[in-house]
Structures are given as C-alpha cells and as structure tokens.
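First comes the structure, then the notes that go with it.
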Amino acid sequence: EPEVTQTPSHQVTQMGQEVILRCVPISNHLYFYWYRQILGQKVEFLVSFYNNEISEKSEIFDDQFSVERPDGSNFTLKIRSTKLEDSAMYFCASSEGQGGTTDTQYFGPGTRLTVL
Amino acid sequence: GDSVTQMEGPVTLSEEAFLTINCTYTATGYPSLFWYVQYPGEGLQLLLKATKADDKGSNKGFEATYRKETTSFHLEKGSVQVSDSAVYFCALCGLSYNTDKLIFGTGTRLQVFP
C-alpha cells in the first residue's frame with residue numbers, strides 16, 4: 001500500500017541553524033501539507049501546497065518557514081533559523097486532490113525536531 | 001474560533017471492555033469529521049470519517065456517528081483488544097471556503113491490558 005515517507009526520523013540542531021525536513025508524498029497525490037505537534041499539545045496545521053504554490057498557511061508559518069517541491073517526488077519544509085520553540089514532531093501529509101472537505105489526508109510517520 | 005475537544009486520557013481498559021472516547025466540535029458550516037489513530041512509533045492513520053450529519057463512519061470494529069444536534073462525533077468500540085492501544089485523534093475539516101486543513105483535538109491515549 002502506498003505511504004507517505006519522511007526523513008530523517010529525528011533531527012537535532014542548534015538554535016539558529018537551518019533545517020530541511022523531507023517528505024515523499026504518495027505518488028499520484030496533488031495536495032501536500034505540513035503539520036506539527038509540540039510535545040503534549042495538539043497537532044497543528046502549518047501549510048498546504050497545491051500546484052506548486054502555497055494554498056493556505058497558518059499564523060505559525062511565518063517568514064522563517066518555507067516549503068518547496070523541488071522535483072516530482074519530494075516535498076520539503078525549511079526552517080531558516082531554528083528557535084527552541086520549533087522543537088516538535090513535524091508531520092507531512094498528502095491527499096489525492098479531489099478537493100474539498102471530504103478528501104482523506106494520509107500522514108507520514110513524522111520527523112522529531114529537537115532544537116538545542 | 002473553530003475547535004475540537006476530546007476527553008483527556010489516558011483511558012485504561014481491560015481487554016474486551018467497551019470503549020467510548022468523547023469528541024465535540026465547534027464550527028461554522030458543515031465540517032467533515034475524522035478519527036485518526038497513532039500507534040507507537042508510527043504516523044497518523046485515518047480510522048474512520050463522516051462527511052454529513054447522521055453519517056456513521058466505521059472501521060476495524062470502531063464506529064462514530066456525526067451528530068449535528070449535539071456537535072459530537074464520539075468514538076466507540078464494543079470490545080477492545082490489546083492491539084488497540086494507541087493515541088486517538090478527533091479532527092474536523094472544511095470550516096470555510098477554500099480550506100482543507102484539519103483541526104485536531106489533543107488526542108486521547110488508550111491503554112488496553114490483557
């Protein structure tokens with residue numbers, strides 16, 4: 001069964017450093033998402049991406065964050081200058097692209113980001 | 001704003017016990033409702049969903065009914081197994097025009113003992 005994959009599973013970085021989290025969505029999916037979960041808190045939406053551009057972003061997704069689909073398979077989240085409060089589990093998701101509210105989003109296993 | 005509220009965990013049950021995990025939501029419009037499950041060390045997996053009022057989603061013995069009048073989507077299972085031990089997330093989608101982001105509850109950890 002096709003699945004969303006994410007690398008690395010755990011990333012440790014120093015405050016102020018740039019990190020890139022990588023995701024390979026399911027191959028025929030058209031919509032891509034990033035969510036994050038700070039330890040003990042809710043899973044929060046960060047950004048959605050369709051047709052090579054951001055379709056929606058949350059207040060969390062400030063200028064320090066960017067997303068890219070550099071080729072036909074990868075979808076990346078970049079944090080330019082990490083802060084301690086960026087420590088969280090980051091989930092990538094994708095959906096087929098029927099659009100609308102009934103589309104199912106399929107999630108990857110997550111990347112745990114630890115900022116020291 | 002729009003939100004999802006779940007009962008706090010952990011929920012601890014013996015095998016074959018009846019499970020209910022409460023979920024209520026606040027939303028404008030007519031959202032779709034989901035239950036996701038996260039097994040240890042894995043990502044979020046869709047368990048079931050319902051897209052309109054009175055719909056019942058079901059999968060692997062779990063059920064939830066979309067109740068618009070009580071704005072609820074409680075998860076139930078008649079007889080839990082040890083393998084059901086996981087974290088369960090209630091979520092909604094489709095609160096406003098041109099958005100398909102999911103809004104999650106805090107998650108409820110279920111522990112089932114033999």
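The values are calculated or read from the model by the stated rules, or taken from the named source; none is laboratory data. Fair warning: this is a prediction, and the values are worked out from it, not measured in the lab. Reconstructed Cβ throughout: ideal geometry from the backbone, glycine too, with neighbour counts over all protein chains shown.
Points to keep in mind about this one:
- Whichever residue in the stretch B:13-41 is at the interface with chain A (Cβ under 10 Å from one of its Cβ atoms) and among the small types (Gly, Ala, Ser) and, among such residues, is nearest to B:Tyr88 (Cα to Cα): B:Gly41
- Contact map, the stretch A:46-65: first residue on the phi > 0 side of the Ramachandran plot, second residue surrounded by 10 or more Cβ atoms within 10 Å (Cβ to Cβ) and not small (Gly, Ala, Ser), Cβ cut-off under 8 Å, separation 6 or more or different chains; pairs are A:Asn51/A:Leu30; A:Asn52/A:Arg69.
- Any chance A:Gly72 is within 12 Å of chain B (Cβ to nearest Cβ), surrounded by fewer than 21 Cβ atoms within 10 Å (Cβ to Cβ) and either modelled with pLDDT under 95 or part of a loop (DSSP other than H, G, I, E, B) (or both): no
- Residue within the stretch A:2-10 that is within 14 Å of another protein chain (Cβ to nearest Cβ), crowded, with 18+ Cβ neighbours inside 10 Å and in a strand (DSSP E or B) present: yes
- Among the residues listed as B:Leu44, B:Leu48, B:Leu92, B:Leu102, the single one being more than 10 Å from every other protein chain (Cβ to nearest Cβ) and of a type in the set (A, V, I, L, M, F, W, C): B:Leu48
Condition check ((1) more than 14 Å from chain B (Cβ to nearest Cβ); (2) closer than 24 Å to B:Cys93 by Cβ; (3) in a loop (DSSP other than H, G, I, E, B)) across all residues:
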position	(1), (2), (3)
A:Val47	no, yes, no
A:Glu59	no, yes, yes
A:Ser66	yes, no, no
A:Ser81	yes, no, yes
A:Met89	no, yes, no
A:Cys92	no, yes, no
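- In the stretch B:23-114, counting only strands (runs of 3 or more DSSP E) that sit wholly within it, the ones holding 3 or more residues that are within 15 Å of the chain's Cα centre (by Cα) and not polar (S, T, N, Q) span B:32-38, B:44-50, B:62-65, B:75-77, B:86-93, B:102-104.
- Residue check for B:Gly61: away from every other protein chain (no Cβ under 14 Å), touching a residue at least 60 places away in the same chain (Cβ under 8 Å) and over 20 Å from A:Gly108 (Cα atoms): no
- Residues of the stretch A:94-116 satisfying the condition of being within 14 Å of chain B (Cβ to nearest Cβ), in contact (Cβ under 8 Å) with a residue 12 or more places away in the chain and either more than 29 Å from B:Lys49 (Cα to Cα) or in contact with a strand residue (DSSP E or B) (Cβ under 7 Å, 6 or more places away or on another chain) (or both): A:Ser94, A:Ser95, A:Gly97, A:Asp103, A:Gln105, A:Tyr106, A:Phe107, A:Gly108, A:Pro109, A:Gly110, A:Thr111, A:Arg112
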